[in-house]
Each structure stands twice: as structure tokens, then as C-alpha cells.
């Protein structure tokens, strides 16, 4: 049975906050409190526990109410949890939020007011900051994406060319864009948010950035839905590059968009070298087919000279060695110079 969706103007519209949760018992209460502290009055909250092995589900159920729904499912991944939550949502606007992240109290209201001022616009991004223990607005660091866009392709190209992004809770999205873009791809386990929102953005004709709205993205969690990395996740990253290519070139096939897709594949090659040779070969074939890449190897100042002397492949091997054994080249050089 399909749930009834109320069609309302932004001034009164219901917002559905959708939270996938897996082993988030240490953080989920603060996350839920940040939602319930929102100044926007017309909210529903839907939490989908993805087969957690800790007390996440029990803690979430303590918040159950007429406006807070808790759903339990066998472990199926973050994307499946978000799709389940969206299917249960009745709001006109959708706010995705991971179970360890936080919203500023006026986050949703600020974005709804921005949307109300721009008739016909259906998606808004916001300011956001990373944090480890407690959020701090002083950690807000603007990027090129912190502005309005009248062309979604320009947003994607700015993001890819500058290596920046918007984390999922920064967005507030009209549900019609999500319905048109299609569900989260449940086959993808790494960079699933980038793949999903690239499709959503290509359904929009304009994107509003709301400086007053703020969210906070927690880093350093090793057992969250967005941090589980494996060979399967690496192949998922390659699938995301392929999905980017399919979606973007179907929308706009130009030398610049083809180069942007090639650069995504080339960055994949840089990131996983010298591992996963077969996946890197597939990526290299796409780089050639798209006309070549202009993406330079990523490097720290310490290894920049090595890139020029021995090539990026050997430099990357040395970087991997240093980071694997937790060596500190700067300290070693300082010690030798004494």
C-alpha cells in the first residue's frame, strides 16, 4: 500500500528525516536529539536499524512516538536502509542523516526558508563541518560548492575537479527529485552518496546553497555504515565511476564532461595503486576511451619531489610503506639534520 503524500508549499511542508543505523549505539541518541531539537515544526523521523549487533535498536525504540517511526530489518547495507526509510516517508521534503552525524537546531528551517524564497527550486545544500567528538562551528570550511548553481552539471564538475563534496546531511531535497532519480543503488557500498546525489542533482534545474543551515559530519568511526572498506568496496568505487559516466554523459556529452569522467577513473587508479590490478586496468581502458585524463597524481609536499624524480608509482609505493608502518618522514628528516 502506497503511503499518502501531502502536497504542501515550503512554508508548511512536512520534512521526513531518514536515518539508517548500524552499530551506532554510542552516538544515535545525540543524533536523534539533534533532530528533535529542530525549530521546523512539521517533521517526521524514520529510523531503520540495519541488523545492528549492539543496542542501537533498543535505544532508537525509546524515541518511538506518533512522529518517530523505528523499523528493524536484517543487515542489508546503508543504501537498502535509506530506500526502506524513503518508502515509509510521507514528507514532501527529505533530509537524509547518518546515525552518528548531527544537525544544527535551525538547519531544516533555514533551508526551508531559502527554498521558499526561490519559487520552483527543489533542492538546497548547506554549510557543514567535520568533527570527531563535539561539533564546532569554527570548523566550517567553505569550498567552491558553497554557492548557488543554475546548472547541475557545473556543480558536478566543480566537485570532481576540485576534489570536494557535500556530505549527505547537507542536502534538503524535494521528494519528486528523488523519485525521478531512482533509489539508492544497493549494490554500491563505497561512495554511495556521491552516486545517488549525482543522479538527484541531474533532475534539478537549480541548486540553492543556504549558508545559515549547518550540519556536522562525524569522522573516525570504524564500524559505521559509510566506513566499511574491502575489496568489494573498492569494486563499488569503480562502479560509482561507471555510474558517474553513464549519468553525466547521458545528460551532457561534451569534451569537458568526458574529461571529467576520465579524471574520475584516473583518480581511482591513483588511489588504489599498486593494488587491485584488474580494476585499475578497467579504469585505464575507460580513461583511454574517453580521450585521456588531465588529473595529476595526488601528493603531499613531502612526496612531491619524489613524484618528479622516480615517478608517481614508486612515490605511491613509498607513501604506502610510510603510512603502513606509521613512520613520520618530517621527524626523521629533522632528526638527521641535527
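The values are calculated or read from the model by the stated rules, or taken from the named source; none is laboratory data. These numbers were taken from a predicted model, which means no experiment stands behind them. FYI the Cβ positions are ideal-geometry reconstructions off the backbone, even for glycines, and counts take in every protein chain you see.
Filtering the range 105-115 for residues that are over 15 Å from residue 173 (Cα atoms) and touching a strand residue (DSSP E or B) at 6+ places or on another chain (Cβ under 8 Å) leaves a non-empty set. Reported count of residues in the range 260-293, each being under 24 Å from the mean Cα position of the chain (by Cα), more than 20 Å from residue 230 (Cβ to Cβ) and surrounded by fewer than 19 Cβ atoms within 10 Å (Cβ to Cβ), is 0. Annotation note: Cβ proximity below 7 Å between a residue of the range 280-307 that is over 17 Å from residue 240 (Cβ atoms) and a residue that is at pLDDT 95 or above and part of a helix (DSSP H, G or I) (sequence gap 6+ or interchain) occurs for 291/258; 291/259; 291/262; 292/262; 294/259; 294/263. Consider residue 85 carefully, then state whether it is within 20 Å of the chain's Cα centre (by Cα), surrounded by 14 or more Cβ atoms within 10 Å (Cβ to Cβ), more than 17 Å from residue 179 (Cβ to Cβ) and touching a residue at least 60 places away in the same chain (Cβ under 8 Å). No: the conditions fail for residue 85. Being touching a residue at least 12 places away in the same chain (Cβ under 8 Å), assigned by TED's automatic domain parsing to the domain that holds residue 196 and more than 21 Å from residue 102 (Cβ to Cβ) is a property that does not hold for residue 141.
One residue stands out among those in the range 175-190 that are touching a residue at least 24 places away in the same chain (Cβ under 8 Å) and either in contact with a strand residue (DSSP E or B) (Cβ under 9 Å, 6 or more places away or on another chain) or surrounded by fewer than 20 Cβ atoms within 10 Å (Cβ to Cβ) (or both): the one that is nearest to residue 152 (Cα to Cα), which is 177.
Listed here are the residues, each with its yes/no results for (1) closer than 19 Å to residue 239 by Cα; (2) at pLDDT 65 or above; (3) not in a helix (DSSP H, G or I); (4) not assigned by TED's automatic domain parsing to the domain that holds residue 243.
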{"site": "262", "(1), (2), (3), (4)": "yes, yes, no, no"}
{"site": "266", "(1), (2), (3), (4)": "yes, yes, no, no"}
{"site": "280", "(1), (2), (3), (4)": "yes, yes, no, no"}
{"site": "286", "(1), (2), (3), (4)": "yes, yes, no, no"}
{"site": "291", "(1), (2), (3), (4)": "no, yes, yes, no"}
{"site": "313", "(1), (2), (3), (4)": "no, yes, no, yes"}
{"site": "321", "(1), (2), (3), (4)": "no, yes, no, yes"}
{"site": "335", "(1), (2), (3), (4)": "no, no, no, yes"}
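The residue list 176, 143 contains one member that is at pLDDT 95 or above and out of contact with any helix residue (DSSP H, G or I) (no Cβ under 8 Å at 6 or more places or on another chain), which is 176. Given the conditions (1) under 13 Å from the mean Cα position of the chain (by Cα); (2) surrounded by fewer than 17 Cβ atoms within 10 Å (Cβ to Cβ); (3) on the phi > 0 side of the Ramachandran plot, report the number of the one that residue 165 does not fulfil. Unmet for residue 165, out of (1) under 13 Å from the mean Cα position of the chain (by Cα); (2) surrounded by fewer than 17 Cβ atoms within 10 Å (Cβ to Cβ); (3) on the phi > 0 side of the Ramachandran plot: (3).
Can you confirm whether residue 105 is farther than 24 Å from residue 195 by Cβ, in contact with a helix residue (DSSP H, G or I) (Cβ under 9 Å, 6 or more places away or on another chain), at pLDDT below 95 and surrounded by 14 or more Cβ atoms within 10 Å (Cβ to Cβ)? No, not satisfied.
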